[in-house]
2 protein chains.
Amino acid sequence: MDPEKNHEINIKQSEDRFRENLLPSLSVNTVLFSYHQERLNVLLLKFGDTGYFMLPGGFIRRDEDVDEAALRNLKELTALENIYLEQFYVAGNAERSTDPVVVEFLKKQGYEKISSWLSQRNVSICYLALVNEKKVKPELNVQFISRYLWADVTNLPPLLFDHTTIIEKALSRLQSDMDQKLLSNNLLNEPFTMSDLQKLYEAVFQKKFTRSNFQRKMLKRDILARVGKKYEGRAHKAPYLYRFKKVKAS
Amino acid sequence: MDPEKNHEINIKQSEDRFRENLLPSLSVNTVLFSYHQERLNVLLLKFGDTGYFMLPGGFIRRDEDVDEAALRNLKELTALENIYLEQFYVAGNAERSTDPVVVEFLKKQGYEKISSWLSQRNVSICYLALVNEKKVKPELNVQFISRYLWADVTNLPPLLFDHTTIIEKALSRLQSDMDQKLLSNNLLNEPFTMSDLQKLYEAVFQKKFTRSNFQRKMLKRDILARVGKKYEGRAHKAPYLYRFKKVKAS
DNA sequence: ACAAAAGTGTTAGTTCTACACCCATGA
DNA sequence: TCATGGGTGTAGAACTAACACTTTTGT
C-alpha cells in the first residue's frame, strides 16, 4: 500500500466519521457465529500483516438505535438481513482501547495520528449473530484489513484488544440461548437430520450428548417438523429430515 | 430555587463535565433494589415538581472502567461499597434521550439550554444492585431532584424516559439471577428465618411458594448456615436462624 | 392440652440418564 | 443376512409438587 494514500483515506474516514454524525467513544462489535464442517466458527478480520485478528465492528449514528447500528453494520459487512442479533455484553474497560500490537504496527508504518485516533477511549456494545457461512461475503474495503478468517472457536488465533474475552462471553451466551429460548436457525441448512442437529449442539456446548435422549429432548420442544427421509445409499435406516417450525413473532 | 443561580450551577456542571473528562453520549443508570416490609422496592428520584421520577445515574470518566463508573456512582449516591453490581442492559434507542415532560418543565422555567443539553443523544449502560434500604442515605445535591422514593416495583409512579422498561428488565434479570447463581445477600438482614427468605422470594417473583418445598430447595443449595433459633415469645415452634455461607470469590 | 407455626415425611407425578432393543437400509 | 446407524422402549435415579404428619412453643 502507498502510505500517503492510506493517510489520505484515513483523514477522509475520520472526517466522514464526524460528517456522518457518529457517536464518539462508542462502537458495536459483532461476534458472527457460523457452523461449518462440524465446527463452530467466528468471523475474524486480519489486521495488516501483524498476524493478529479482530472482530468486525462499526460505529453508531447519532440518529439510529444502537440495535439498528448493529443490524446496519451486519448488513454492510455481510449483506445479510433478518438475522437473529442479540446484545450480550458491554466491553467498557478503560484500558481496552489501546493494544500495543496496533500501536506498534501503525508507528512502524508512520501513522502516528491514526494510531492515537484508533487508541481513543472506546466502549463497545457487543452483539452476537448466527449466520450461514456460505451466504456471507465479507466486505474487505476497510483500512488495514488484509483478509478474513472463519476461526474455530476452540482454536482461536491471537486477537487484538479484549476480543478473546468478548468471544468467550458470546459463546456462553449462545449456549444459554440455545438451551432455552432460541433455535439453531441460520446455523443449519434445512433440511437436516437429527444427527446433524446433535453435532451442532456438540460443537456449541463442546461436549457429547447421548443420542437417544438428545432426540427425545429436541422432539419434545415441538420446534421440528419432519419433511421426509434421507436416503444416502448407506447401509442403514434412513434418518428423518427436519425443518424448524415457523415460530410466531414474540 | 433561583433560576439564575440554577443556571450558573448548570453551566458549571456542564463545564465540569468536560473538565473532568467525561465520556460523551454515555451514561450509567443503576436500578437499586431493596427489600423492606415484605416489598421489593427500587430507588427513584423525583424530577422537580413534575410528579415524574427517574432512576439514579451518572457519567463515565475517560480514564475509568464502565463498571468502575457504576460502582463510583453507587458510592457517591449511597455511600455503599462492596455491593453486588451487574450490568444487565443497554438502553440505546435513538429516541430515548428526549422526554416531553422534561423538555416542557425546563422550558417553563426558562432553561432552554439545559433542556437541549439534557436531550442530547444518550446511551445508558444499566446496572442493578441489591442494597439495604436502611443503610442508604441518598444524596440529593443534584439539580432538579426534589426528593427520593423507595417505590414498590409492583406499583411504580410515572417515570421519565424509558426508565419503566429498564426497571422491568432489571426485575427479570434479578429473578433469573436469584434462581441460579446469586443469593439474597444485601437484601436481608442476617440472621433471618426461612420464612423471611421465602417472603423475599415471593416479593421478587411475585408469586407464592409452597412452604415445605421452598425450605427443602433452599437447604439443598448448601448456601445457608443455621446459627441458632429465634424465640419471639410466640406460641409456636421457634424457627431456625440462618446466615449466608461465605462464598469463595469466583 | 391447645393453637399456631416450623420442621420433616410421604406419595404420586414428571423428568433425566443410561442402555437395551428393534427397524430400515444397501451391500 | 449382516453390519450400520436410526428410532423407540424401559428401568432406575433424581427432581417436583402437593399435602399430611410431627415437633416445639407460649398461653
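The values are calculated or read from the model by the stated rules, or taken from the named source; none is laboratory data. Because the structure is a prediction, the values reported are computed rather than measured. Positions of Cβ are generated from backbone atoms using ideal geometry, with glycine treated the same way; all protein chains shown enter the neighbour counts.
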Subject >> Failed criterion for B:E139 (all others in (1) more than 12 Å from the chain's Cα centre (by Cα); (2) modelled with pLDDT of 95 or more hold) >> reply: (2)
Original post:
Can you name the condition, by its number, that A:F105 falls short on among (1) among the hydrophobic types (A, V, I, L, M, F, W, C); (2) touching a Gly at 6+ places or on another chain (Cβ under 6 Å); (3) assigned to a strand (DSSP E or B)?
Top reply: (3)
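Taking only region A:28-64 into account, find how many residues are among the hydroxyl-bearing types (S, T, Y), closer than 30 Å to B:E95 by Cα and surrounded by fewer than 21 Cβ atoms within 10 Å (Cβ to Cβ). Can you show your working first?
Kept after step one, since they are among the hydroxyl-bearing types (S, T, Y), are these residues of region A:28-64: A:30, A:34-35, A:50, A:52.
From what's left, closer than 30 Å to B:E95 by Cα: A:30.
So of that shortlist, the ones also surrounded by fewer than 21 Cβ atoms within 10 Å (Cβ to Cβ) come out as none.
The qualifying residues number 0.
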Original post:
Between residues in region B:62-78 that are more than 8 Å from every other protein chain (Cβ to nearest Cβ) and residues that are part of a helix (DSSP H, G or I) and at pLDDT below 90, which pairs lie under 9 Å by C-beta distance while being six or more apart or on different chains?
Top reply: B:T78/B:K135
Original post:
If you go through region A:85-101 one residue at a time, how many are assigned to a helix (DSSP H, G or I) and within 11 Å of chain B (Cβ to nearest Cβ)?
Top reply: 4
Subject >> Matching option when the condition is more than 11 Å from DNA strand C (Cβ to nearest atom) and at pLDDT 95 or above, among B:L187, B:L171, B:L183 >> reply: B:L171
Subject >> Subset tally (residues that are surrounded by fewer than 12 Cβ atoms within 10 Å (Cβ to Cβ) and touching a strand residue (DSSP E or B) at 6+ places or on another chain (Cβ under 6 Å)) for region A:215-224 >> reply: 0
Original post:
Does B:R211 fit the bill of being within 11 Å of DNA strand D (Cβ to nearest atom), out of contact with any helix residue (DSSP H, G or I) (no Cβ under 6 Å at 6 or more places or on another chain) and more than 14 Å from every other protein chain (Cβ to nearest Cβ)?
Top reply: yes
Subject >> Filter pass, B:E81 being closer than 20 Å to B:L174 by Cα and exposed (fewer than 15 other Cβ atoms within 10 Å of the Cβ) >> reply: yes
Original post:
Name the residues in region B:225-250 that are free of Cβ contacts under 8 Å to residues at least 24 places away in the same chain and either surrounded by 11 or more Cβ atoms within 10 Å (Cβ to Cβ) or β-branched (V, I, T) (or both), would you?
Top reply: B:A225, B:R226, B:K229, B:A238, B:K245
**OP:** For region B:156-167, indicate whether the set of residues that are modelled with pLDDT of 95 or more, on the phi < 0 side of the Ramachandran plot, of a type in the set (D, E, K, R) and more than 13 Å from DNA strand C (Cβ to nearest atom) is non-empty.
**Re:** yes
Original post:
Can you find even one residue in region B:179-188 that is surrounded by fewer than 18 Cβ atoms within 10 Å (Cβ to Cβ) and touching a residue at least 24 places away in the same chain (Cβ under 8 Å)?
Top reply: yes
**OP:** Out of B:I83, B:I114, report the one residue that is under 28 Å from B:F33 (Cβ atoms) and in the same structural domain as B:F33 (by TED's automatic domain parsing).
**Re:** B:I83
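I'd like to check which helices (runs of 4 or more DSSP H) are fully inside region A:134-250 and have at least 1 residues that are within 30 Å of A:L106 (Cβ to Cβ). Give the derivation first.
Numbers: elements: A:163-179, A:194-205, A:211-220.
Helices (runs of 4 or more DSSP H) meeting the threshold: A:163-179.
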Subject >> Residue that is nearest to A:Q87 (Cα to Cα) [pool: residues in region B:102-127 that are more than 14 Å from chain A (Cβ to nearest Cβ) and under 22 Å from the mean Cα position of the chain (by Cα)] >> reply: B:L118
**OP:** Determine whether region A:127-135 contains at least one residue that is farther than 30 Å from B:R61 by Cα and among the acidic types (D, E).
**Re:** yes
**OP:** Out of B:E202, B:E168, report the one residue that is under 22 Å from the mean Cα position of the chain (by Cα), in the same structural domain as B:G92 (by TED's automatic domain parsing) and under 18 Å from B:V42 (Cα atoms).
**Re:** B:E168
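Could we say that A:S172 is more than 14 Å from DNA strand D (Cβ to nearest atom) and either exposed (fewer than 12 other Cβ atoms within 10 Å of the Cβ) or within 14 Å of chain B (Cβ to nearest Cβ) (or both) here? Can you show your working first?
Working: more than 14 Å from DNA strand D (Cβ to nearest atom): yes; either exposed (fewer than 12 other Cβ atoms within 10 Å of the Cβ) or within 14 Å of chain B (Cβ to nearest Cβ) (or both): yes.
Yes: the conditions hold for A:S172.
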**OP:** Pick out the one residue from B:G110, B:G92 that is surrounded by fewer than 19 Cβ atoms within 10 Å (Cβ to Cβ) and at pLDDT below 95.
**Re:** B:G110
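Kindly establish whether B:T154 is away from chain A (no Cβ under 14 Å), farther than 20 Å from B:F244 by Cα, away from DNA strand D (no atom under 16 Å from the Cβ) and within 18 Å of the chain's Cα centre (by Cα). Give the steps one after another, and end with the answer.
Numbers: away from chain A (no Cβ under 14 Å): yes; farther than 20 Å from B:F244 by Cα: yes; away from DNA strand D (no atom under 16 Å from the Cβ): yes; within 18 Å of the chain's Cα centre (by Cα): yes.
In short, yes.
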